[in-house]
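Readers should treat all values here as calculations from the given coordinates under stated rules, not as data from a laboratory. Since the model is a prediction, treat every value here as computed from it, not as a measurement. Here the Cβ is made from the backbone with ideal geometry for all residues, glycine too, and neighbour counts use every protein chain on show.
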Amino acid sequence: MAQEKLLLLKNIRTKGYAADLAAYRAAGGYKALEKVLGKSQGGMTPAQVTEAVKASGLRGRGGAGFPCGLKWTFMPADPKDKPNYLICNGDESEPGTFKDHYLLMNDPHLFLEGMILGCYALSCHHGYIYIRGESMYLIHRVRKAIDELYAEKLLGSNILGSGFDLDLTVHPGAGAYICGEETALLDSLEGKRGQPRFKPPFPAQAGFNGCPTTVNNVETLANVPFIINNGPEAFAKLGTEGNSGTQLVSISGHVQKPGVYEVEMGHNLKSLIEDFGGGVRGGLKLKAIIPGGASSPIMRPESIDIPYDFDSVMKAGSMRGSGALMVFDEDTSIIELANRTIRFFNHESCGQCTPCREGTFWLKNLIRDFVDNAGSEELMQRVDRVAGSILGNTICAFGDAAGAPMQAFGRVFPEEFRKHFLR
């Protein structure tokens, strides 16, 4: 039986862990911050922190998998005219994903230590944490943890006597899927309607309020304390080539034991379902999985005996995405799954780009024909064509997130569509 590799969930898996500042410090928390800012330990420069994260090979855990340290190097090292900003994307709006909320709720200080270290590395003196507004319980939890830090002088002016000043603000989001896209998030943070921006300029040049900005995911930042405490080599030796460290996986659907699990990058995908999810519930057979949230293409069971990392899942024709593994048993209707998926994406399209706005609307209507048993070979081809016309033709990746899964439903399970032809 496979076992978890605990870096981020170590405290959470400890029985009786209180998740407050005292408990986190008793478990060794904020040692990384003391190592970086504390004069007694020599300290580290912002550039040294960035280089450590870069050397670790940490890739963003929000979905795209872009190298975190490399992303940090795009920011001005010595901002003069405009301040630098670090924004944490805690929106977690991808259907099937719940690992960031789990982490924030049960060990908020682990994330906050990583956030402070990230702000220091980027010469940022005011960071923002964007959490969707429906999750008020979570917003209160993180704000309470931030208040504890201010009370202990771990936030505010002259942290640990280092001369580094930092304030953190939690911002309730507007509850739109599109605000998980970094530039739409920035518009929402500025009080505007959340819509993606044209790039260039990229956020590192002109982001929040026109200032240099980096947007990172909750899980990504939560890895930084381990890297600083143990060295980048300790992190880099975990996982597979080009996919270092551990990962949080949200397992949901028709499994015996849904939940959040932490394993090394590259852990076998089939093992995740059988060893951690407990296999398909009710003694039924596995029919399909969606490996990275609703925006990733569906896969058949015969395709899942592969490493679960960014590169391997992409090579298999899908995406690891945000680590949201959804499992479906043999009684699942692929047509109904496709119907629910496209209804979601059509509803959540911001409407800015015509291919996405109109394409998701037409896909919703086309899939509805199959739900009503009025499909045909011609309509199958039309679904594929309309979905393909969205891909690569929108300002942000939302179009791809909607189009690619819809193409996959028909290409991977054509027999399911043919069951719903008009007879």
Label-to-label distance, nm, for residues given as Lys285 and Ala55 (7 Å Cα→Cβ offset): 5.2
At q = 0.12, 0.18, 0.24 Å⁻¹, base-10 log of I(q)/I(0) for segment 122-214 (Debye sum, equal scatterers on each alpha carbon): -0.45, -0.89, -1.16
Sequence-separation-based contact order of segment 245-329, relative, with Cα cut under 8 Å and 6+ spacing, percent: 36
Using a Förster distance of 41 Å, the FRET efficiency for Glu336-Arg13 (Cβ separation, nearest 0.05): 0.70
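So if we plug the beta-carbon distance of His126 and Lys257 into 1/(1 + (r/R0)^6) with R0 = 45 Å, what FRET efficiency do we get, rounded to 0.05?
On the way: r = 41 Å, r/R0 = 0.92.
Once rounded, the FRET efficiency stands at 0.65.
For the chain, take N as its residue count and report Rg(C-alpha) divided by 2.2 N^0.38 Å. Could the numbers behind the result be given before it?
On the way: Rg = 22.0 Å, N = 423, 2.2 N^0.38 = 21.9 Å.
The value comes to 1.00.
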Where labels lie 7 Å past Cα in the beta-carbon direction, separation of Asn106 and His140 in nm: 2.1
Per-pair calculated FRET efficiency, R0 = 30 Å: His347 and Phe198 via Cβ, rounded to 0.05: 0.80
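Taking every pair of distinct Cα atoms and averaging 1/r, then inverting, what Kirkwood hydrodynamic radius in Å comes out for segment 1-66? Can you show the working numbers first?
Working: mean 1/r = 0.0684 Å⁻¹.
Answer for segment 1-66: a Kirkwood hydrodynamic radius of 14.6 Å.
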Longest to shortest principal axis, alpha-carbon extents of segment 174-256, angstrom: 41, 38, 21
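Among bridges DSSP assigns within the chain, what percent are antiparallel (round to 5)? Show your work: numbers first, answer last.
Values: 17 of 40 bridges.
For the chain, the DSSP antiparallel bridge percentage is about 45.
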Overall dimensions of segment 1-110 as given by Cα atoms, namely Rg and Dmax in Å: 16.6, 56
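Note down the magnitude of the dipole of the chain about its Cα centre, charges +1 on Lys and Arg C-beta and -1 on Asp and Glu C-beta and zero elsewhere, to the nearest 20 debye.
Numbers: 44 positive and 47 negative charges, 17 e Å.
With Lys and Arg at +1 and Asp and Glu at -1, about 80 debye.
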Calculated SAXS-style log₁₀ I(q)/I(0) at q = 0.11 Å⁻¹ - segment 21-236, Debye, Cα scatterers: -0.48
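What is the count of Lys pairs in segment 232-357 whose alpha carbons sit under 18 Å apart, if the two are 8 or more places apart or on different chains? Kindly include the intermediate steps, with their values, before the conclusion.
Working: Lys257/Lys270; Lys257/Lys285; Lys257/Lys287; Lys270/Lys285; Lys270/Lys287; Lys270/Lys315.
The number of close lysine pairs in segment 232-357 is 6.
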Helix-only CD estimate at 222 nm, as mean residue ellipticity for the chain, using -39500 (n - 2.57) per DSSP H run (n ≥ 4): -11500 deg cm²/dmol
Two-decimal log10 I(q)/I(0) for segment 334-418, as the Debye equation yields it once each C-alpha is a single scatterer, q = 0.10, 0.15 Å⁻¹: -0.20, -0.44
Positive-end extreme of charge dipole, segment 62-199 - chosen from Gly173, Gln195, Ile139 (charges on Cβ): Gln195
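What is the gain in length, in nm to one decimal, between Met1 and Asn209 on full extension, counting 0.36 nm per residue of separation less the C-alpha to C-alpha distance? Don't skip to the answer; put the middle values down first.
Details: separation 208, 0.36 × 208 = 74.88 nm, distance 5.04 nm.
The Met1-Asn209 span can extend by a further 69.8 nm.
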The chain: angle of helix 46-56 to the longest principal axis, Cα-based, in degrees nearest 10: 40
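Using only alpha carbon pairs under 8 Å that are at least six residues apart, calculate the relative contact order of the chain and give it in whole percent. Provide the component values of the computation, followed by the final result.
Working: 867 pairs, mean separation 68.9, N = 423.
In percent, rounded to a whole number, it is 16.
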For segment 91-97, Karplus couplings with θ = phi - 60° (6.51, -1.76, 1.60), whole Hz, Gly/Pro x: 5, 6, 9, 5, x, x, 9
DSSP loop GluC sites (Glu not before Pro) with at most 14 other Cβ within 10 Å excluded, longest remaining stretch of the chain: 1-133
Antiparallel bridge percentage (DSSP; both residues within segment 245-329; nearest 5): 70
Distance between segment 1-51 and segment 232-257 - C-alpha centres, whole angstrom: 18
Prolate/oblate/rounded label for segment 211-264 (Cα gyration tensor, a/c 1.5): oblate
Fraction in percent of alpha-carbon pairs per bin - 5 Å, segment 145-293: 2, 7, 11, 12, 13, 15, 17, 12, 7, 3, 1, 0, 0
√(5λ) per eigenvalue of the Cα gyration tensor, segment 245-329, largest first, Å: 18, 14, 11
Span from the segment 267-296 Cα centroid across to the segment 123-170 one, whole angstrom: 37
Most positive-pole-ward Cα, Gln247, Gly279, Pro307, against dipole of segment 245-329 from beta carbon charges: Gly279
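Could you pull out the chymotrypsin sites (Phe, Trp or Tyr not before Pro) across segment 1-75 that fall in loop regions by DSSP (anything but H, G, I, E, B) with no more than 15 other Cβ atoms inside 10 Å?
Here the sparse-neighbourhood loop sites are Phe74.
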